[in-house]
Ligand SMILES: CC(C)(COP(=O)(O)OP(=O)(O)OC[C@H]1O[C@@H](n2cnc3c(N)ncnc32)[C@H](O)[C@@H]1OP(=O)(O)O)[C@@H](O)C(=O)NCCC(=O)NCCS
């Protein structure tokens with residue numbers, strides 16, 4: 001069953017995010033991620049759809065109709081909570097300050113283009129079509145919000161590039177992000 005993320009799902013979603021996604025947000029820890037998803041529920045331009053079977057979350061997809069300014073909005077939903085989580089992280093990982101600063105220069109943060117933020121399926125549930133179902137649910141949600149095309153960024157090293165190509169995304173360009181090659185894909189009418 002596909003449905004919108006609810007507050008009681010966040011623990012499970014965070015576990016999947018932390019184990020299956022290698023990006024910087026995961027490194028900030030479960031406490032940070034919990035606050036992040038909780039705050040995202042209050043931001044109208046963001047949506048998260050989960051796929052659930054027998055009351056277990058098997059994967060989820062998140063998107064936003066406007067990435068520009070999003071992280072600031074999320075931060076200001078719970079500034080003291082985020083500062084606390086970040087302080088704990090920086091005390092234990094001092095080099096994380098440099099990483100966070102570099103993350104903020106991600107070009108998408110300056111663009112108004114709608115973006116698929118995350119898509120993930122639990123490892124033991126992959127290659128059964130769940131990723132495709134989630135992706136199409138995101139397409140549907142974007143359309144409901146008047147968005148006919150959106151962008152996806154993904155590290156070149158990830159197998160997910162093949163998934164995006166298989167479901168009809170077109171590679172738009174490559175760029176360097178924090179010393180790693182990333183690809184932009186687009187989906188939908190141009
Ligand atoms: C990317 C991901 C969501 C795909 O989910 P999934 O449930 O395994 O994908 P599906 O079974 O729906 O596959 C859909 C299509 O993509 C193809 N595909 C999926 N993963 C693939 C891979 N690693 N290599 C080649 N093709 C792949 C499938 O063969 C299928 O093609 P078809 O429609 O022609 O048969 C999943 O692999 C994942 O969670 N990866 C880790 C998280 C991640 O990297 N996310 C992207 C960055 S945000």
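Values quoted throughout were computed directly from the atomic coordinates according to the rules given, and no laboratory measurement underlies them. If you're wondering where the values come from, they're calculated on a predicted model, not measured in any experiment. Backbone-built Cβ (ideal geometry, glycine too); neighbour counts: all protein chains shown.
Conditions tested, residue by residue: (1) under 16 Å from the mean Cα position of the chain (by Cα); (2) surrounded by 13 or more Cβ atoms within 10 Å (Cβ to Cβ); (3) part of a helix (DSSP H, G or I); (4) at positive phi.
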position	(1), (2), (3), (4)
139	yes, yes, yes, no
173	no, no, no, no
176	no, no, no, no
182	yes, yes, no, no
186	yes, yes, no, no
Residues of the stretch 119-136 being free of Cβ contacts under 8 Å to residues at least 60 places away in the same chain and either within 6 Å of the ligand (Cβ to nearest atom) or in contact with a helix residue (DSSP H, G or I) (Cβ under 9 Å, 6 or more places away or on another chain) (or both), which ones? 126, 127, 128, 129, 132
Residue list for the stretch 44-56, filter: surrounded by fewer than 18 Cβ atoms within 10 Å (Cβ to Cβ) and in contact with a strand residue (DSSP E or B) (Cβ under 8 Å, 6 or more places away or on another chain): 45, 52
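Return a yes/no flag: does the stretch 106-118 have any residue that is within 14 Å of the ligand (Cβ to nearest atom), over 25 Å from residue 12 (Cβ atoms) and either surrounded by 14 or more Cβ atoms within 10 Å (Cβ to Cβ) or in contact (Cβ under 8 Å) with a residue 60 or more places away in the chain (or both).
yes
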Among the numbered criteria (1) under 17 Å from the mean Cα position of the chain (by Cα); (2) over 15 Å from residue 23 (Cβ atoms); (3) within 11 Å of the ligand (Cβ to nearest atom), which single criterion is violated by residue 153? (2)
Say we look at the stretch 12-26 and pick out the residues that are in contact with a helix residue (DSSP H, G or I) (Cβ under 7 Å, 6 or more places away or on another chain) and more than 10 Å from the ligand (Cβ to nearest atom); which of these is farthest from residue 54 (Cα to Cα)? 24
